Amino acid sequence: MVPRPLFLSPLLLVLVLVPAALPLPRASADICIVGAGISGASTAFFLTNYSTSLHGAQLRVFERHHRVGGRLATVAVAGDRFEAGGSIIHPRNLHARRFADLLGLAVKAGGDDDWLGIWDGKSFVFQTLRPLPPGSSWWRRKLHGLLNSLLLLRRYGLSLLKMDKFVQEMLQRFMLFYNGFESRPVFATVEDMLKWTGLYGLTRRTLEEELLDAGLNSRTIAELVTVITRINYGQSMRISGLAGAVSLAGSESGLWAVKGGNWQLADGLLKTSNATLHLQEGIDSITDAGDYYVLRSNTGSEYNCTVTVVATPLDEVNITFSPPISIPPRKMQHTHATFVRGLLNPGYFGLNSASDIPELIGTLELPDIPFSCISVLKRYSKDDMTYKMFSRAKLDDGLLDQIFSTRKETIRINWAAYPHYEAPEEFAPILLDGKQLYYVNTFESAASAMETGAVSAENVARLIISRLSLTERGVEPPAPHIKSFTEEEEEGSRRRHVDL
């Protein structure tokens, strides 16, 4: 859960048509993808949807864990399931929206009226209004929203509008990744992808520097911006500008998720692609054997692969490459997700009653605050709730017993969640060896989200098809046509006009 600034970005959701497919060249070995998260599943989907056939080559996906989804997962608390990893999707994440529609997955809207409190370790320096009771009338909800807007405006002033303008400009540039093939090249590097959209400059400076130049005041950056970046990336306003802008976009209205868990996106894409899935089979080594790669797994099996796609961050996995590859060092930011069923201790927050504790607690960047945020996931009664906490380090039982007056159930998950962002960012190559070894997750050094994984995967799939065609035929094939979202919206408008 994240705070929702009251500046809406409505979007008419439209679906992209599956492009006219091209055949992949004949292969003597398989096409192999390492990682069954959203990046690997999206790569498999785009490869099979952008080509008519694999010509006998098997599409294999290897996953070292017992389930698909990667950093998309749910956790069971008191018989209910909650998102434990990537939990929100922006309304302008058109690949994710398209995936959910194609797979027939039901979606749910995120709450736009969270009761937010910003805590400085001693007291709440700012709070929005308590939410209205269910079933409140339309005019009461409108008045409630207006009053919240006035509260935000009184504390942060015109910086709210400037922050929104900064985010909208980033989103407008990001939307270029959905352009049709006629106007959107296939990219060989992340730098080229970002320069083409005009986003590369945001990776060279910190979010703080970008926002100061955009005219935001220091209070807005130190409080509201910091709360959002700590919730969404577990990091401060010193993260690089593009990651920071994506984090701020994750606080807008209209956010959504898949009912039952976002991991179903990866699961459905893999099933749709007819890939052979190797669960609990991690890849230990990748060896260049000339015209193919030999992948050796932790089960002792070997696989010959014409194309190999690494769709998992290489920062904390032990895969031996022969010959060795060269990528810049990158640290992963660990987020400790702690789920507690019980009741928060009001005394810890300097309050007299648990009913006075906001439903979403964001925190400032201060060394004595042990967690990034606490949110209410479900309320069973006034004395019994399920909470989710994010922190940069494990919260031990002694500390939890201070924060909570009662604890019935506690579950801890340590996620290597996203890169530790530090401007200027360096990017590993997409093509790791100049041949047919690809790396999808290099794009995460720009920003990490479900949609950025899908955007990078789609580019890698197009790059694979293009390079295989060049290798086998010596010519560039015509690009399959994929209508832009703008073209589809215009066609839809014409059809509606004719119908009327």
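Need the full-extension length gain, LEU212 to THR287, defined as separation in residues times 0.36 nm minus the C-alpha distance. One decimal, nm.
22.2 nm is the gain from fully extending LEU212 to THR287.
Quantify, in whole percent, the carbon and sulfur part of the accessible surface of the chain (1.4 Å probe; protein heavy atoms only). Don't skip to the end; give the middle numbers.
Numbers: 11100 of 21140 Å².
Roughly 52 percent of what the probe reaches on the chain is carbon or sulfur.
Calculate the spin-label point distance for ILE327 paired with LEU161, positioning each point 7 Å from the Cα along the beta-carbon direction, and give it in nanometres.
4.4
Helix 138-156 against the longest principal axis of the chain: what's the angle in degrees, Cα atoms only, rounded to the nearest 10?
Around 90 degrees separate the two axes.
Could you tell me the distance between the Cα centroids of the stretch 65-107 and the stretch 188-233, to the nearest Å?
First find each Cα centre; the distance between them is then 26 Å.
What residues of the stretch 447-461 lie in the reach of a label at ARG67, counting those whose backbone N is under 19 Å from a point 7 Å from the Cα along Cα→Cβ?
Backbone N within reach: 450.
Which cross-chain or sequence-distant (5 or more) residues have an amide H under 5 Å from the amide H of VAL77, H modelled 1.01 Å from N in plane?
PHE82
Using unit Cβ charges (K, R positive; D, E negative) and no other charged atoms, how large, in debye to the nearest 20, is the dipole of the chain about its Cα centre?
On the way: 51 positive and 53 negative charges, 237 e Å.
Charge dipole, the chain, about its Cα centre: 1140 debye, nearest 20.
Could the peptides 303-311, 237-245, 146-154 be put in order, highest first, of the mean number of other beta-carbon atoms found within 10 Å of their residues? Provide the component values of the computation, followed by the final result.
Numbers: 303-311: 23.9, 237-245: 26.1, 146-154: 14.1.
Highest mean packing first, the order is 237-245, 303-311, 146-154.
Quick one: length gained pulling LEU366 to LEU132 fully straight, 0.36 nm per residue minus the C-alpha distance? The partial results should precede the final answer.
Numbers: separation 234, 0.36 × 234 = 84.24 nm, distance 3.17 nm.
Once the chain is fully extended between LEU366 and LEU132, it gains 81.1 nm.
List the aspartates and glutamates whose alpha-carbon lies under 12 Å from that of LYS162, not counting same-chain residues fewer than 8 positions away?
Straight-line reach from LYS162, under 12 Å: GLU210, ASP213.
By its C-alpha gyration tensor, with a ≥ b ≥ c as the square roots of the eigenvalues, how is the stretch 386-473 shaped: rounded for a/c under 1.5, else prolate for a/b larger than b/c, else oblate?
Cα axes put the stretch 386-473 in the prolate bin.
Between rounded, prolate and oblate, where does the stretch 228-292 land on the alpha carbon gyration tensor, with a ≥ b ≥ c its root eigenvalues, rounded for a/c under 1.5, else prolate if a/b exceeds b/c?
Since a/c reaches 1.5 but b/c is at least a/b, the shape of the stretch 228-292 is classed as oblate.
Enumerate the amide H contacts of LYS378 below 5 Å, restricted to partners 5 or more residues apart or on another chain; note that Pro and chain-start residues carry no placed amide H.
Residues meeting the criterion, in which the H sits 1.01 Å from N, are THR386.
Determine the percent antiparallel among the DSSP beta bridges restricted to the chain, to the nearest 5. Mind dumping the intermediate values first?
Values: 52 of 77 bridges.
About 70 percent, rounded to the nearest 5.
Might you report the magnitude of the Cβ-based charge dipole of the stretch 362-467 about its Cα centre, with Lys and Arg at +1 and Asp and Glu at -1, to the nearest 20 debye?
Dipole size: approximately 440 debye.
Compute the accessible area per residue over the chain, keeping the other protein chains in place, probe 1.4 Å, unit Å².
42
Among 273-284, 456-467, what's the highest-first ranking by average C-beta atoms within 10 angstrom per residue?
Top to bottom by mean Cβ count within 10 Å: 456-467, 273-284.
Classify the stretch 81-217 as rounded, prolate or oblate from the Cα gyration tensor: take a ≥ b ≥ c as the square roots of its eigenvalues, call it rounded if a/c is under 1.5, otherwise prolate when a/b beats b/c and oblate if not. Please report the intermediate quantities before stating the final value.
Details: a/c = 2.23, a/b = 1.36, b/c = 1.63.
Oblate.
Could you work out how far the C-alpha centroid of the stretch 401-427 sits from that of the stretch 150-172, in angstrom?
Cα centroid of the stretch 401-427 versus Cα centroid of the stretch 150-172: 27 Å apart.
With angles folded into 0 to 90 degrees, how steeply does helix 94-103 sit against the dominant principal axis of the chain? Use alpha carbons for both and round to 10.
It works out to around 80 degrees.
What angle do you read, to the nearest 10 degrees and between 0 and 90, between the alpha-carbon axis of helix 485-499 and the longest principal axis of the chain?
That helix lies at roughly 80 degrees to the long axis.
Sorted by mean Cβ packing within 10 Å, highest first, what order do the peptides 126-137, 30-41 take?
Numbers: 126-137: 12.7, 30-41: 28.7.
Answer by packing, highest mean first, reads 30-41, 126-137.
How high is the relative contact order of the chain? Use alpha-carbon pairs under 8 Å, at least six apart in sequence, and give a whole percent. The partial results should precede the final answer.
On the way: 1014 pairs, mean separation 129.8, N = 500.
It rounds to 26 percent for the chain.
Using 0.36 nm times the number of residues separating THR320 and VAL294, minus their current alpha carbon distance, what extension gain do you get?
Numbers: separation 26, 0.36 × 26 = 9.36 nm, distance 1.15 nm.
Going from the current span to full extension adds 8.2 nm.
Just to confirm my understanding: which cysteines in the chain have no other cysteine beta carbon less than 4.7 Å from their beta carbon?
Lacking a cysteine Cβ partner under 4.7 Å: CYS373.
Per residue of the stretch 290-299, in order, report the coupling 6.51 cos²θ - 1.76 cosθ + 1.60 (Karplus, θ = phi - 60°) as ³J(HN,Hα) in whole Hz, putting x for Gly and Pro.
x, 8, 7, 10, 9, 9, 9, 9, 6, 8
The values are calculated or read from the model by the stated rules, or taken from the named source; none is laboratory data. Please read all numbers here as calculations on a predicted model, not as lab measurements. Ideal geometry is used to build each Cβ from the backbone, glycine not excepted, and the neighbour counts take in all protein chains shown. Heads up: the accessible areas ignore ligands, DNA and RNA and are worked out on the full protein's heavy atoms, side chains in. Shrake-Rupley method; radii C 1.70, N 1.55, O 1.52, S 1.80 Å.
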